[in-house]
Amino acid sequence: MLTYLIFGASYALAAAAQPGQFQAYLISRTIANGWRRTLPAVFAPILSHVPVVTLVLLVLTQVPPLFLHLLRLAGGVFLLYLSFGALRSFRAYEASPSGSLPPGHRTLLEATTVNLLNPNPYLAWALVLGPLLLQAWRHSPATGIAFVVAFYVTIVIASAGIVMLFALARSLGPRVARSLVALSAAALAAFGVYQIWAGVRALA
């Protein structure tokens, strides 16, 4: 169980640290409206991922084991792709958020909508998290539940950290956030290599 707890928490931290639509939304709302009004938005991934997870798991439970092994290989490649993307973002990281961020107020509904329209959760659950959850569930239902809880608790805490970081000091925030981007690139690369190794081992 510990392995799944570590993987779920680490992947969530890496996902929360790399720049994306949801992170950009959190930063822009924090700067515009303050941390108190923005903080409820960190729970948006829990609400927005419910239909995503349901759809992905319904599909994955109907396919043969061979497909899941191939999917794990694809997931490893996807993680390496995300790692290269995070590395590029690290090199070109800007100190201030873009002016093309989503408009509107700090509501949880708006943040949920931003996340629902983001393709990354669909890809992550289809290629990485979904197969891992099924594997953990086969080990034991408690392990599967622990994996999901570790992922969402970490992503909520990490998102809250981003909000507080940019609320406390704009001058400090970008430097620390840029370091987190570098950390996420390394973590995603490590997870990608592990996924590919595990997929090849299962097929062999």
Practice task
Round to the nearest 0.05 the FRET efficiency obtained for Val63 and Ala24 when R0 = 30 Å and r is the Cβ-Cβ distance.
Solution key: 0.30
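Tell me, in nm to one decimal, what length is gained between Thr54 and Val200 on full extension, where the rule is 0.36 nm per residue of separation less the Cα-Cα distance?
49.8 nm
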Practice task
Starting from the Cα of Leu47, step 7 Å along the direction of its Cβ; do the same at Met1; then give the gap between the two resulting points in nm.
Solution key: 3.1 nm
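Read-outs throughout are calculated quantities, based only on the coordinates presented, and are distinct from any laboratory measurement. All values derive from a computational prediction rather than experimental measurement. All Cβ positions, glycine included, derive from the backbone under ideal geometry; neighbour counts span all protein chains shown.
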